[in-house]
Amino acid sequence: MGKLNIIIRYTAALVVLIIIVLSYLMVPKLVVTLNFMSISLNAPLPSNYVYVSVYVVSAALVILIASIPEYGRWRINNYVTGELPTFIRMIRDGLSTGLTITETVNLTFRQGGVLARELGGRIGSSVIGPSELGTALMGLARELNNRYLELASIVLESALRSGTKAAEVLDLAYREIDNVVVNELDKVNSLKPYITLAYTIIIVYVFLGSVILAILIPRLISTTSTIVSSLPTGLLSFGNLSVNVINSLFVYSIMIQSIFTGMIIGKVVYRNLSVGLMHSSIMTIMAVALNYVLNLYMPQIMHV
């Protein structure tokens, strides 16, 4: 599973890179010239923001498709972490009432839940001992990269081998892990409003950019051309700079802004950059679509 995830990530990154390169090579371009004294620069830049938008959205869709499995894995991880204290408590209670390890674990499986389902597929023996339970927990912990499961596997295996003191050790383990897990989940839930804030920032960024492109940039280009024409010949000049070129570059900036914002969300809220990239892709698609709509109607709205 780990190798498959790595293959998916690298393949998606390669496809996204190819799409972005094609978005520059295949779309219509305009050569923007800048002359300063004896220095002349010619830069072929994309001049059709609609074509660029299609390529950028395609790249975002690839990122979205590649990150959805990682988001599903994060959700499983989150459910497993939340159910872990209850799992330990049920084993403690079962051993306290005189049940065997096998009977106690089977009882927890019958209660259902994501953790029970995941462990049930890893414990194949009819008789469950400390080593079988510890191995199953450790295997699941490594697959999900869950440090709480790793701790629980060590504590459970040690406690179950302690004989008559197993219930006491499990009671202490339950209390400690429950406190840690509750604090961790509360921290994650307290940070979730920042996701809404991040989406709001992207929307405001696109809206302000569209207003500037529709109103200020055409006037700025016209004013700059007038100023440049009044300068001595050969001192400074530029040509072919248009709103379409700037709008195409703005679409690229939307994707860059969304990627970095999503990565921050992933690192801070989810502790997982891949999940953050899922939000990046959604932001990119939403923002590019909004930019397209605003470019259609902003001139009429602003009476430009």
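Taking region 83-134 as the region of interest, how many residues are in contact (Cβ under 8 Å) with a residue 60 or more places away in the chain and out of contact with any Leu (no Cβ under 9 Å at 6 or more places or on another chain)?
Total satisfying the criteria: 1.
Does region 181-198 contain any residue that is open to solvent by less than 70 Å² (accessible area, probe 1.4 Å), out of contact with any Phe, Trp or Tyr (no Cβ under 8 Å at 6 or more places or on another chain) and more than 22 Å from Ile76 (Cα to Cα)?
Yes: region 181-198 contains one or more residues that are open to solvent by less than 70 Å² (accessible area, probe 1.4 Å), out of contact with any Phe, Trp or Tyr (no Cβ under 8 Å at 6 or more places or on another chain) and more than 22 Å from Ile76 (Cα to Cα).
Output the number of the condition that Gly72 fails; it satisfies all remaining conditions of (1) in contact with a helix residue (DSSP H, G or I) (Cβ under 8 Å, 6 or more places away or on another chain); (2) within 30 Å of Ala12 (Cα to Cα); (3) of a type outside the set (D, E, K, R); (4) open to solvent by less than 40 Å² (accessible area, probe 1.4 Å).
All conditions pass for Gly72, except number (1).
With Leu290, Leu296 as the choices, which residue is among the aliphatic types (A, V, I, L, M) and either touching an Asp or Glu at 6+ places or on another chain (Cβ under 7 Å) or at pLDDT below 90 (or both)? Can you show your working first?
Details: Leu290 fails: either touching an Asp or Glu at 6+ places or on another chain (Cβ under 7 Å) or at pLDDT below 90 (or both).
Exactly one of Leu290, Leu296 is among the aliphatic types (A, V, I, L, M) and either touching an Asp or Glu at 6+ places or on another chain (Cβ under 7 Å) or at pLDDT below 90 (or both), namely Leu296.
Which of the residues belonging to region 240-257 are open to solvent by less than 70 Å² (accessible area, probe 1.4 Å) and free of Cβ contacts under 8 Å to residues at least 60 places away in the same chain?
Within region 240-257, the subset open to solvent by less than 70 Å² (accessible area, probe 1.4 Å) is 241-243, 245-248, 250-255, 257.
Of everything in region 240-257, those that are open to solvent by less than 70 Å² (accessible area, probe 1.4 Å) and free of Cβ contacts under 8 Å to residues at least 60 places away in the same chain turn out to be Val243, Ile246, Ser253, Gln257.
Can you tell me which residue within region 17-62, out of those that are modelled with pLDDT of 90 or more and open to solvent by less than 30 Å² (accessible area, probe 1.4 Å), is nearest to Ala289 (Cα to Cα)?
Ser53
Would a scan of region 265-280 turn up a residue that is under 19 Å from Val50 (Cα atoms), open to solvent by less than 20 Å² (accessible area, probe 1.4 Å) and touching a residue at least 40 places away in the same chain (Cβ under 8 Å)? So that I can check it myself, show each step before the final result.
First, pick out the residues of region 265-280 that are under 19 Å from Val50 (Cα atoms): none.
Checked against the condition, which is being under 19 Å from Val50 (Cα atoms), open to solvent by less than 20 Å² (accessible area, probe 1.4 Å) and touching a residue at least 40 places away in the same chain (Cβ under 8 Å), region 265-280 yields no hits at all.
Could we say that Glu132 is at pLDDT below 85 and within 30 Å of Val268 (Cα to Cα) here?
Working: at pLDDT below 85: yes; within 30 Å of Val268 (Cα to Cα): no.
Against the criterion (at pLDDT below 85 and within 30 Å of Val268 (Cα to Cα)), Glu132 does not qualify.
Results for (1) surrounded by fewer than 20 Cβ atoms within 10 Å (Cβ to Cβ); (2) charged (D, E, K, R), shown as yes or no for each residue.
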residue: Ile88; (1), (2): no, no
residue: Thr104; (1), (2): no, no
residue: Thr135; (1), (2): yes, no
residue: Leu140; (1), (2): no, no
residue: Leu151; (1), (2): yes, no
residue: Ala167; (1), (2): yes, no
residue: Asp171; (1), (2): yes, yes
residue: Asp178; (1), (2): yes, yes
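How do the helices (runs of 4 or more DSSP H) wholly within region 130-215 filter down when requiring 2 or more residues that are basic (Lys, Arg): which remain? Write out each step before concluding.
Numbers: elements: 130-144, 147-160, 166-191, 193-211.
So the answer is 166-191.
The values are calculated or read from the model by the stated rules, or taken from the named source; none is laboratory data. Everything quoted here is computed from the prediction, not taken from an experiment. With ideal geometry, Cβ positions are generated from the backbone for all residues, glycine too; neighbour counts draw on all protein chains shown. Just so you know, the surface numbers come from the protein's heavy atoms only, side chains and all, with ligands and any DNA or RNA stripped out. Shrake-Rupley method; radii C 1.70, N 1.55, O 1.52, S 1.80 Å.
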